[in-house]
Amino acid sequence: MERSIRYSKKREAILAAIRETCVHPTADWIYQQLKPTHADLSLGTVYRNLSFFREQGLVKSVGVVNGQERFDGDLTPHSHFICSCCGAVRDLHVDALDSGLDDAVARQYGLSVAGHELTFHGVCAACREQPAEQ
C-alpha cells in the first residue's frame, strides 16, 4: 500500500533551509534557524523530515562531523572537504577529478561505476592561520 506524502509548511521550510545554505547543516542548526518562525516545531520533526528527505533523494548526508550528521541540499556531483579542527564542511567542485575518477576505477577494476562520493579531510585555511596554543 502506497503512503501519501502530506504537505506541510514545516516540511517545506526544513527543505528550504537545507537548500538555501552552504554550511551543510545539522538537524540542530536547522531547528535553531526555523524555531523563531515556527513556534511549534520540534527537533524530532526536523529529524523525521531529514530522514524522509534522504530516503526520497532530496538531500544527501555528508556524514557525521563532531558527533552530528551533516546534510547537503546540493545534489550536483561534487566532493567535500571536512576540517578536522573546526568541523567546517566545504563543497569542492573539481570537474577533472570527479569525472575522470569513475572511468579510472571502472577500467582498473573491471567495474561499472555509477558515481562516487569523495571526502577530503584535513585542516582548513582559517584553522591553519590560527596561532598555535602554548
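The values are calculated or read from the model by the stated rules, or taken from the named source; none is laboratory data. Source: prediction; values computed, not measured. Here the Cβ is made from the backbone with ideal geometry for all residues, glycine too, and neighbour counts use every protein chain on show.
In region 1-114, counting only strands (runs of 3 or more DSSP E) that sit wholly within it, the ones holding 1 or more residues that are surrounded by 13 or more Cβ atoms within 10 Å (Cβ to Cβ), of a type in the set (Ser, Thr, Tyr) and at pLDDT 95 or above span 60-65. Among the residues of region 49-69, some residue qualifies, meaning at least one is touching a Ser or Thr at 6+ places or on another chain (Cβ under 6 Å) and closer than 30 Å to residue 132 by Cβ.
Here 71, 81, 52, 120 are screened, and the one residue that is among the hydrophobic types (A, V, I, L, M, F, W, C) and under 18 Å from residue 20 (Cβ atoms) is 71.
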